[in-house]
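In what follows, a single structure is set out as structure tokens and then discussed.
The values are calculated or read from the model by the stated rules, or taken from the named source; none is laboratory data. Here the structure is a predicted model, which is why all the values come from computation and not from measurement. Here the Cβ positions follow ideal geometry from the backbone for every residue, glycine too, while neighbour counts run over all protein chains shown.
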């Protein structure tokens, strides 16, 4: 991870991608943006388009149809970018592991940098995960 | 129109079609009918009684397929469920039919569209039955006679022909699927 990425992470713009989740993780992600948790104090903003994003945030167990969409969106993110998987479904598909419609986990489709477990993870866990990611990226530059 | 009159009228009108008539509760009514008379019973419920068609649900009961057509009679607040049993063709229970899969070793389920269990489609009567019949067709492998457009609804386009995921004898067909958590 180079200087370019470090610079971007002063204020990471996040694109939130739900690949067929139950929306619980999505609600927790939205909760991070509320004044109570106020993730904007770390400079994080939700981007409207994936082409403006530095971080791709994936929730949900990717199913056969959304797998293709995940791949396409990942190709559109300006590189270098980071991928954060949120929730048990995005990590290992949770209880959908034997589903005919969820053949592979998200990290076999696109490279994932941070895994935030939980069903759903609390906003504190999401913030902790992303702050750790930022510190990890910044560390070699110092 | 009273509740008793409606029930009595139903019983009398379809005496030859009804196999079982059970009132689980004042609000819940299950009527098991012959598969071939689904169209006229549904038409009577929908057009003459003014029921609302909620949804149809299908299930693989090992010996037969069961479809429940749920109708809501709003005037009396009665939920009427028409139960239809479709026998499995004997060919489908033998595991060596296969041969329909386009991209992998032949799956054990079905494989030949000719042996699908059949029932009359309700989509020509009311549009609400259209999508749910497409869904039942692709997930359970039931054939709806007279359906205007029996394409796939939910499954991806590269799903192999003749594999029906909600059947009891569904087997994993995808060699690339990973079924462990990697820990």
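Conditions first: (1) without any contact (Cβ under 8 Å) to a residue 60 or more places away in the chain; (2) within 14 Å of chain B (Cβ to nearest Cβ). Residue A:136 passes all but one, so which condition is the exception?
(2)
Can you go through B:7, B:45 and tell me which one is more than 21 Å from residue B:141 (Cα to Cα), out of contact with any strand residue (DSSP E or B) (no Cβ under 7 Å at 6 or more places or on another chain) and part of a helix (DSSP H, G or I)? So that I can check it myself, show each step before the final result.
Values: B:45 fails: out of contact with any strand residue (DSSP E or B) (no Cβ under 7 Å at 6 or more places or on another chain).
Unique residue meeting the criteria: B:7.
Can you tell me which residues in the range A:98-133 are in a helix (DSSP H, G or I) and either touching a helix residue (DSSP H, G or I) at 6+ places or on another chain (Cβ under 8 Å) or within 11 Å of chain B (Cβ to nearest Cβ) (or both)? Working first, answer last.
Kept after step one, since they are in a helix (DSSP H, G or I), are these residues of the range A:98-133: A:106-108, A:123-133.
A:106, A:107, A:108, A:123, A:126, A:127, A:130, A:131 - these are the residues of the range A:98-133 that are in a helix (DSSP H, G or I) and either touching a helix residue (DSSP H, G or I) at 6+ places or on another chain (Cβ under 8 Å) or within 11 Å of chain B (Cβ to nearest Cβ) (or both).
How many residues, within the range A:48-94, are in contact with a strand residue (DSSP E or B) (Cβ under 8 Å, 6 or more places away or on another chain), assigned to a loop (DSSP other than H, G, I, E, B) and buried (at least 18 other Cβ atoms within 10 Å of the Cβ)?
Total meeting the criteria: 6.
Looking at the range A:70-79, is at least one residue modelled with pLDDT of 90 or more and within 14 Å of another protein chain (Cβ to nearest Cβ)? Lay out the reasoning, then the answer.
Taking the range A:70-79 first, the residues modelled with pLDDT of 90 or more are A:70-77.
Filter again for within 14 Å of another protein chain (Cβ to nearest Cβ), leaving A:70-71.
Yes, there is a match, as at least one residue in the range A:70-79 is modelled with pLDDT of 90 or more and within 14 Å of another protein chain (Cβ to nearest Cβ).
Name, by its number, the condition in (1) within 21 Å of residue B:54 (Cα to Cα); (2) in contact (Cβ under 8 Å) with a residue 60 or more places away in the chain; (3) buried (at least 16 other Cβ atoms within 10 Å of the Cβ) that does not hold for residue B:167.
Every condition holds for residue B:167 apart from (1).
Return a yes/no flag: does the range B:16-24 have any residue that is part of a helix (DSSP H, G or I) and out of contact with any helix residue (DSSP H, G or I) (no Cβ under 8 Å at 6 or more places or on another chain). Break it down stepwise before answering.
Applying the first criterion (part of a helix (DSSP H, G or I)) to the range B:16-24 yields none.
The answer is no; no qualifying residue exists.
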